[in-house]
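Q: Okay, here's the structure, questions in a sec.
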Amino acid sequence: MDVLLIDDDTIGVFLTERLLKREGFTDSIASIPSAEEALAFLQNAEPHQLPHVIFLDLNMPLMDGWEFLEALRPLENRLLGRCHIYILTSSLAHTDLARIEQFPLVDGLINKPLDAAQIQAVRAQVEAALSAGQEVPASPADQRP
Amino acid sequence: MSDILQLKESEQRFRALFENNPDLVLFQDATGVILDANPAYLQAVEKPREEVVGRTFNSFLPEDLRALFAQKLREAFEGHKVHFDVEVQFLGAPQPLIYAVTKVPLVADGAITGVHAVFRDMTETYNSNRVIREQADKLNTIFESITDAFFLLDREWRFGFVNSEVERLLNVKREQILGRTLQDVFPEESQGVLHEQFENAFRTNQVMHFQAYFGRMQLWLEVKAFPSKEGLSIYFSDVTEKVRSQEELYRQNKDLQQFTYIVSHNLRAPVANALGLVDLLGTLDKDSPDYKPALDNLRASTQQVDMVLRDMNTILSIRDKQGVEEPEQVLLGDIVEQARLNLAELTTQCGGEVLTDIPADLYVLGNRAYLYSIFFNLLSNSLKYRSDERPLRVSITARAQPGQGAEVVVADNGSGFDMEKAGLDVFRLYKRFHSSQPGRGMGLYLVKTHVETMGGQIEVSSAVNVGTQFILHLR
């Protein structure tokens, strides 16, 4: 499973990466330290380059996590069912949880730090979605020629 | 013959006047005996003529008035025309009435043969005058007893009634302003809210209710202006304390939001990392290559927690000192030079320069440490966010603004930022607009806090890749 971390906090990236590896989630982890760069990557990525799971930080300078999600809307059809975005934030703001409803690409919100139970939950959710997606494509855009 | 005829005619005319006079008319001799009385008098005492004529006037008077009438009668018999007002209840009369009494001596052949006394009933006039006087007194009492200040402006904007609360709040004496126009008494208000709203009230004939700052006394006033045919009735009260505490409340509320944000984001982030790292370290073998970086990161995270707490402490202590520390006159050039020198090495290293143009005798009212922090932070920012494409140039220029302190402009040719995106957020705590440079987002927040604590203001303008300019208004 390919994982992309979008987070400007180097300690946060170090930690998330090690925890994911420790829990056997995946060994294929890339990280991008700014939302703009991540957006450019996703816009230009070939379908096979798209990560299966994105852990997105919210609090970043310049473009923050929410702005990134807004900017991603035009790509929604291409990404739905293939890219599962989890918001991974240290923020405790309750409003965040309600806000994710507006973004179909977002599968969940996790408060930092990530722990073993959360990682297993994400794995179960993503694997279920992926196997379902193989049988019944989530959207027409998913059907490759 | 014709003389007698004329006499007769004149006698008749007099008789007619006497009989039909609505005033009470008596003719008395020197002892006070009534020699004649007109029907109006007979009616007033409710007696037939025969029970009046031949009796003394005293017998119709209450005892306490007898001396007065005797005295007046004597004066008339001395040849004077006597005039006086008196309240009398004639014996037999249903109620007391107020009379204007005139006693006129009748002179025949050089001798006074009697005195005509005319009683004109003034009761009604008297009473209505009294009502008017009482109502005026009552109004006066009301206007003095209401806690609001109250005054009247006539249609020419002249002060009419002014109560004592007006005198107190506006620091005027009513005798100095009555009859003068508002513009004449408070010329400085002619462009102000008061003038504008009174004009509205006159023009629209609508009640105006508003708050206005009265600069001369440094008061916030809550004002109601009621238009009428005569002009404006204006009530106002001093709400300075209320306005100030609302401002304070608003500021504290904003601070609270800010601190909630800090706790939720800036404090929570390193704490969350620390928690995760402790979890990770618990499962790592000491010989694992991840062990040392995990421990280093744990250290860094706890240091970050400490730094945020220190920042909060710095900010809170500035807030605490607000209004406590006495501002002093500080030589602006000195402070700027100190900040410039302390950053001189860094400036030279990057090939930049700081140019200052500050009048040598320019003093500003404030706090030395705050002023230093302001210029140190602004210069640090210019250095940090300089453009790679050109050597950094920062200019600091200042000029006195008579009566309003000083205007200081700090301008650089650095990388700038997008005003539309950042706007006033640049001054927010922990808000950052550059990802290429490390920063805590503390500097500009401190600058703004310091400027405002000293009663000043700060504005910013910036253009990407052109530079940033801060304009400070100091006192």
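Q: Being part of a loop (DSSP other than H, G, I, E, B), open to solvent by less than 30 Å² (accessible area, probe 1.4 Å), on the phi < 0 side of the Ramachandran plot and assigned by TED's automatic domain parsing to the domain that holds B:Ser462 narrows it down to one of B:Ser382, B:Ser387, B:Ser373, so name that one.
A: Step by step, each of B:Ser382, B:Ser387, B:Ser373 is checked, and only B:Ser387 is part of a loop (DSSP other than H, G, I, E, B), open to solvent by less than 30 Å² (accessible area, probe 1.4 Å), on the phi < 0 side of the Ramachandran plot and assigned by TED's automatic domain parsing to the domain that holds B:Ser462.
Q: Here is a further query. Return the residues of region A:46-55 that are away from chain B (no Cβ under 14 Å) and open to solvent by less than 10 Å² (accessible area, probe 1.4 Å); say none if nothing qualifies. Steps first, please.
A: Going residue by residue through region A:46-55, those that are away from chain B (no Cβ under 14 Å) are A:46-54.
A:Leu50, A:Pro51, A:Val53, A:Ile54, listed by residue number.
Q: Where residues in region B:279-310 are farther than 30 Å from B:Gly443 by Cβ, acidic (Asp, Glu) and within 11 Å of another protein chain (Cβ to nearest Cβ), which of them is farthest from the chain's Cα centre (by Cα)?
A: For region B:279-310, the residue satisfying everything is B:Asp290.
Q: Would a scan of region B:59-68 turn up a residue that is touching a helix residue (DSSP H, G or I) at 6+ places or on another chain (Cβ under 7 Å) and outside any helix (DSSP H, G or I)?
A: Yes, the conditions are met somewhere in region B:59-68.
Q: Still on this structure, please answer the following. Starting from residues that are surrounded by 12 or more Cβ atoms within 10 Å (Cβ to Cβ) and small (Gly, Ala, Ser), keep the ones in region B:191-235 and report whichever is nearest to B:Leu170 (Cα to Cα).
A: B:Ala212
Q: Of the residues that sit in region B:253-278 and are more than 16 Å from A:Ser91 (Cα to Cα) and at pLDDT below 95, which one is nearest to the other protein chains (Cβ to nearest Cβ)? Don't jump to the end; show me each part of the working.
A: As a first pass, look at region B:253-278 and keep what is more than 16 Å from A:Ser91 (Cα to Cα): B:253-256, B:277-278.
Checking which are at pLDDT below 95 leaves us with B:253-256.
Numbers: B:Asn253: 17, B:Lys254: 17, B:Asp255: 18, B:Leu256: 15 Å.
Only one residue fits best here, namely B:Leu256.
Q: Let me ask something additional. Could you list all residues from region A:56-82 that are touching a residue at least 40 places away in the same chain (Cβ under 8 Å), more than 21 Å from B:Pro270 (Cα to Cα) and open to solvent by less than 60 Å² (accessible area, probe 1.4 Å)?
A: A:Phe68, A:Leu80, A:Gly81, A:Arg82
Q: Moving to a separate point now. So B:Leu35 clears everything in (1) open to solvent by less than 70 Å² (accessible area, probe 1.4 Å); (2) not in a loop (DSSP other than H, G, I, E, B) except one condition, right? Which one?
A: Exception for B:Leu35: condition (1).
Q: Can you confirm whether B:Leu355 is touching a Pro at 6+ places or on another chain (Cβ under 6 Å), assigned to a strand (DSSP E or B), of a type in the set (A, V, I, L, M, F, W, C) and more than 10 Å from chain A (Cβ to nearest Cβ)?
A: The answer is no for B:Leu355.
Q: Give me the pairs, please: first residue somewhere in region B:129-147 and closer than 21 Å to B:Leu169 by Cα and open to solvent by less than 90 Å² (accessible area, probe 1.4 Å), second residue anywhere and modelled with pLDDT of 85 or more and assigned to a helix (DSSP H, G or I), beta-carbon distance under 7 Å, and either six or more positions apart or on two chains.
A: So the pair list comes out as B:Glu144/B:Ser164.
Q: Where residues in region B:44-57 are assigned to a helix (DSSP H, G or I) and at pLDDT 90 or above, which of them is surrounded by the most Cβ atoms within 10 Å (Cβ to Cβ)?
A: Filtering region B:44-57 down to residues assigned to a helix (DSSP H, G or I) leaves B:44-45, B:49-51, B:57.
Checking which are at pLDDT 90 or above leaves us with B:49-51, B:57.
Working: B:Arg49: 13, B:Glu50: 8, B:Glu51: 13, B:Phe57: 20.
Going through the qualifying residues, I end up with B:Phe57.
Q: I would also like to ask the following. Please go through (1) more than 18 Å from the chain's Cα centre (by Cα); (2) more than 20 Å from B:Phe202 (Cα to Cα) for B:Arg174 and return the number of the only condition it doesn't satisfy.
A: (1)
Q: With the requirement that a residue be assigned to a helix (DSSP H, G or I), of a type in the set (A, V, I, L, M, F, W, C) and within 14 Å of chain B (Cβ to nearest Cβ), what does region A:100-126 give you?
A: Scanning region A:100-126 gives A:Ala116, A:Ala117, A:Ile119.
Q: Specify which of the listed residues (B:Ala422, B:Ala411) is more than 34 Å from the chain's Cα centre (by Cα) and at pLDDT below 90.
A: Numbers: B:Ala411 fails: at pLDDT below 90.
Result: B:Ala422 is the single residue among B:Ala422, B:Ala411 that is more than 34 Å from the chain's Cα centre (by Cα) and at pLDDT below 90.
Q: Still on this structure: Which residue, of A:Leu97, A:Leu42, is within 12 Å of the chain's Cα centre (by Cα) and part of a helix (DSSP H, G or I)?
A: That would be A:Leu42, the only listed residue that is within 12 Å of the chain's Cα centre (by Cα) and part of a helix (DSSP H, G or I).
Q: Something else: Just one of A:Leu58, A:Leu88 is within 14 Å of another protein chain (Cβ to nearest Cβ) and under 14 Å from B:Ser264 (Cβ atoms); which is it?
A: Just a single option satisfies the conditions, and that option is A:Leu58.
Conditions tested, residue by residue: (1) within 10 Å of chain B (Cβ to nearest Cβ); (2) open to solvent by 60 Å² or more (accessible area, probe 1.4 Å).
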| residue | (1), (2) |
| --- | --- |
| A:Phe14 | yes, no |
| A:Thr26 | no, no |
| A:Glu37 | yes, yes |
| A:Phe41 | no, yes |
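Q: Would you mention how many residues in region B:113-123 are open to solvent by 50 Å² or more (accessible area, probe 1.4 Å) and modelled with pLDDT of 90 or more?
A: 3
Q: Something else: As an exercise: evaluate B:Leu91 against (1) under 30 Å from B:Glu165 (Cβ atoms); (2) in contact with a Phe, Trp or Tyr (Cβ under 6 Å, 6 or more places away or on another chain); (3) open to solvent by 30 Å² or more (accessible area, probe 1.4 Å) and give the number of the one condition it does not meet.
A: (1)
The values are calculated or read from the model by the stated rules, or taken from the named source; none is laboratory data. None of the values given here were measured: they were computed from a predicted structure. Quick reminder, even Gly has a Cβ in these numbers, built from the backbone with ideal geometry, and neighbours come from all protein chains shown. Only protein heavy atoms, including side chains, enter the accessible area calculation; ligands, DNA and RNA are left aside. Shrake-Rupley method; radii C 1.70, N 1.55, O 1.52, S 1.80 Å.
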